[in-house]
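Derivation of every value follows stated rules applied to the coordinates shown; laboratory data play no part. Everything quoted here is computed from the prediction, not taken from an experiment. Heads up, the Cβs are rebuilt from the backbone with ideal geometry, glycines too, and the neighbour counts pull from every protein chain shown.
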Amino acid sequence: MSRKPARLRRTEAGIELWGIAQVLLDIEGTTCPVSFVADTLFPYASRALGPFLEAGAPRREEVRQLLAAVHDAWVRDEDPAGRRMREQDPEDAVGYLRWLIKQDRKLPALKELQGLVWAEGYRSGELVAPLFPDVADSLRRWHAQGLGLSVYSSGSVPAQQLLYQHSSAGDLRSLFKHWFDTRTGPKQQSSSYEKIAAELRHDPAEILFISDSAAECLAAQEARMVVLFSDRDGNPQRDPQGLTAVTDFTQLTFQPETDVNSTP
Ligand SMILES: [Mg+2]
């Protein structure tokens, strides 16, 4: 019977990892403050959606189709009191969209419209994604060490790429080789991590996954990935549930050997 190699050891100086070839990273609460989404992105979408639609965007075929889908939903939708949304303010599609944003309702057409509005905000420089101060240098160092870096986030792949393109540390997209969103599967399901390992062409035990969600970490661990719980300021979930927690990426050192027990 083969002994399961140890991959991770907590030391005085930080956390040592052995035989890791790939690092898979969550975004919110791991590389970027959770508050960016709640306090910046959503209010921005709410504010900028009206001007975006008035500025001629609806002439774009893509936007026209999304608005038609929104209109469909609007006609059928009811507020929590059972009143038809359409009848309350028949002219105000933007008002309806804002109401959906406030309710955090996941209408696919709204999600796509928000994505277009954010893309404009990033392009104009009004939106910049703040990364935790240790993140960019750590990613560059890991990349230079030959580690493969990938993203797995519930935001869509285009949204992930916009965020890293317009980060507080500049355009970091070239550091990442693979981008995964929930089209690969739910983040709390171990089969999603098996799929990602297959896509990365690595044994899951050679992949380190970092996330601020203990449930996601446990799912990745079930798929045999090495996991670290991201414990950052402002995270809603601070209980590592027995997992090893990392508060700053500079705590991590990577060793090429596959087994902690093989070193003196
Ligand atoms: Mg997260």
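Which percentage, to the nearest 5, of the DSSP beta bridges contained in the chain is antiparallel? Please list the in-between numbers first.
Numbers: 5 of 29 bridges.
Counting DSSP beta bridges with both partners in the chain, the antiparallel share is about 15 percent.
Arranged by the count of other C-beta atoms within 10 angstrom, fewest first, what order do Ser138, Ser154, Ser211 take? Walk me through the intermediate numbers first.
Numbers: Ser138 19, Ser154 15, Ser211 27.
Listing Ser138, Ser154, Ser211 from fewest to most nearby Cβ atoms yields Ser154, Ser138, Ser211.
Evaluated with a Cβ-only charge set (Lys, Arg +1; Asp, Glu -1), the range 37-124 carries a dipole of roughly 140 debye about its Cα centre, given to the nearest 20. In this simple spin-label approximation, Thr244 and Glu222 carry label points 7 Å from Cα along the Cα→Cβ vector, and these lie 2.2 nm apart.
What list do you get for Arg7, Arg201 if you sort them by fewest beta carbons within 10 Å?
If I rank by nearby Cβ atoms, fewest first, I get Arg201, Arg7.
Remark: relative contact order (the range 37-124) = 36 percent; criterion is Cα-Cα distance under 8 angstrom and separation of 6 or more residues. Solvent-free Debye calculation, one equal scatterer per alpha-carbon of the chain: log10 I(q)/I(0) at 0.14, 0.15 Å⁻¹ equals -0.98, -1.08.
Once you order the gyration tensor axes a ≥ b ≥ c over the Cα atoms, which shape class does the range 1-80 get: rounded for a/c under 1.5, otherwise prolate or oblate by comparing a/b with b/c? It would help to have the intermediate numbers written out before the result.
Details: a/c = 3.31, a/b = 2.73, b/c = 1.21.
Taking the square roots of the gyration eigenvalues as a ≥ b ≥ c, the range 1-80 is prolate.
Once the Cα atoms are used to define both axes, helix 190-200 deviates from the longest principal axis of the chain by about 80 degrees. Using only alpha-carbon positions in the range 37-124, the gyration tensor eigenvalues give semi-axes of 21, 15, 11 Å once each is multiplied by 5 and square-rooted (largest first). Given their separation in residues at 0.36 nm each and the Cα-Cα distance between them, Arg64 and Glu78 gain 2.7 nm when the chain is fully extended.
Where does helix 61-76 land angle-wise versus the long Cα axis of the chain, in degrees 0 to 90, nearest 10? Helix 61-76 sits at roughly 70 degrees to that axis. Look at the alpha carbon pairs under 8 Å that are at least 6 residues apart: their mean separation over the length of the chain gives a relative contact order of 31 percent. Rounded to the nearest 10 degrees, what's the angle between the helix 42-54 long axis and the longest principal axis of the chain, both from Cα atoms, 0 to 90? Between helix and principal axis, roughly 40 degrees.
Fully extending the segment from Glu126 to Ala6, taken as 0.36 nm per residue of separation minus the present Cα-Cα distance, adds 38.6 nm.
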